[in-house]
Amino acid sequence: MIRAKVVYKMEHMNQLYKCYSKLSLFIILFCTAIVFFGGIFELLTILIFIISGTQIPSDLVGLSIISLFLVVLAVASNVWIFFIYPRVYLKSYKIKYGDIPILYEFNENDMNTKHIGTDFEEYLKFTYDKLDKARETKKYFIFYPQRYSVFIIGKHEITEGTAEDLRNLLKRKLGKKFK
């Protein structure tokens, strides 16, 4: 049996964004860059009209207002996604659960989680064939019990057994679903 004891912290939230596919992150940042540089280009165009003393076409003013709004929205969305939301989520998680650890157990046939507090009890059990996938990074094991839910366990948080034991178990049980 392999056991881990996890108290979620900001390091876990930061790891969560590394879980997203590189393509998803590229698309988010690429779209932001296009909107941002498009807005800058329009502002420079207006500045050229102003400096040359030429009347600014009214449709360019309307388009520039929309572009400015999109630039602000794109930048604000990225700030929310990458900086504010992880902290908000962690704060609400801490209010609900405090620093009560989640206990993970890995047996030959299944994975169990136990999270018990003074006013709550949560138990989850997954057979390995029901896990969507699992990954290993330099410092973490990341489990996807479903497509959009994630458990993150630091290798340093394994209390019984070793990271190598868990890696071998996951390779055996998950096959290609473990990377």
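Where a number appears in this text, it was derived from the coordinates with a stated rule and is not lab data. Because the structure is a prediction, the values reported are computed rather than measured. Reconstructed Cβ throughout: ideal geometry from the backbone, glycine too, with neighbour counts over all protein chains shown.
Before moving on, here are some points about what is shown:
- Distance (nanometres) between label positions extended 7 Å along Cα→Cβ at residue 92 and residue 13: 1.2 nm
- Ranking of 127, 32, 137, 118 by neighbouring Cβ atoms within 10 Å, starting from the fewest: 118, 127, 137, 32.
- The separation of region 89-112 from region 35-56, counted between C-alpha centres, amounts to 53 Å.
- Of 125/177; 5/138; 9/173, those spanning more than 23 Å from alpha-carbon to alpha-carbon: 9/173
- For the chain, the longest principal axis of the Cα atoms and the long axis of helix 10-19 meet at an angle of about 80 degrees.
- Full-extension gain in nm, residue 108 to residue 68, via 0.36 nm per residue minus C-alpha separation: 8.8 nm
- Principal-axis tilt of helix 163-174 within the chain, Cα atoms, nearest 10 degrees: 80 degrees
- Label-to-label distance, nm, for residues given as residue 179 and residue 118 (7 Å Cα→Cβ offset): 4.3 nm
- Computed from Cα atoms, the angle from the helix 58-79 axis to the main principal axis of the chain rounds to 20 degrees.
- Ranked by the mean number of other Cβ atoms within 10 Å per residue, highest first, peptides 1-7, 108-114 order as 1-7, 108-114.
- By average C-beta atoms within 10 angstrom, highest first, the peptides 63-74, 81-92: 63-74, 81-92
- Sorted ascending by nearby beta carbons within 10 Å, beginning with the fewest, 143, 126 become 126, 143.
- Distance (nanometres) between label positions extended 7 Å along Cα→Cβ at residue 130 and residue 79: 4.3 nm
- Listed candidates [x] 15.9, 50; [y] 23.5, 77; [z] 14.5, 44 - label of the one calculated as Rg and Dmax of the Cα atoms in Å: [y]
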